[in-house]
Amino acid sequence: MPQTPPQRKPGSVSFAIGPTVTETEQLDRLAETYSTQADYCRHMAEEPGGAFDESWVLLAAAWTELAEETKARSGIAAELTMYSGRQMRP
């Protein structure tokens, strides 16, 4: 038998506006992971006698770009979280 959703009190809000702190933290961790990948690729590009030096450099650049974009998204998410926590005044 289907369940009916719980009834809410009038005026109550059951959702958050904007990203949560955990979303910001997840984006920060993801950006750090991307940076680590970029560092690894740069390290591999510097290995002596490596046949794929240029490929490693290109891959490092791609990981770096992802890290920077993700870090920027984290900053935007943090700002949205800050603004969504403020009281709205009439």
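Here, each number is a calculation from the coordinates, and none is a lab measurement. Bear in mind that the values here come from a model prediction, so they are computed numbers and not experimental data. Ideal geometry is used to build each Cβ from the backbone, glycine not excepted, and the neighbour counts take in all protein chains shown.
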Query - Length released on extending from Asp39 to Met82, taking residue separation times 0.36 nm less the Cα-Cα span - result: 12.3 nm
Report task. Write out the GluC sites (Glu not before Pro) in the range 27-78 meeting two conditions: DSSP loop, and at most 12 other Cβ atoms within 10 Å of their Cβ. Result -> Glu46
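With N denoting the number of residues in the range 26-83, provide Rg(C-alpha) divided by 2.2 N^0.38 Å, to two decimal places.
1.39
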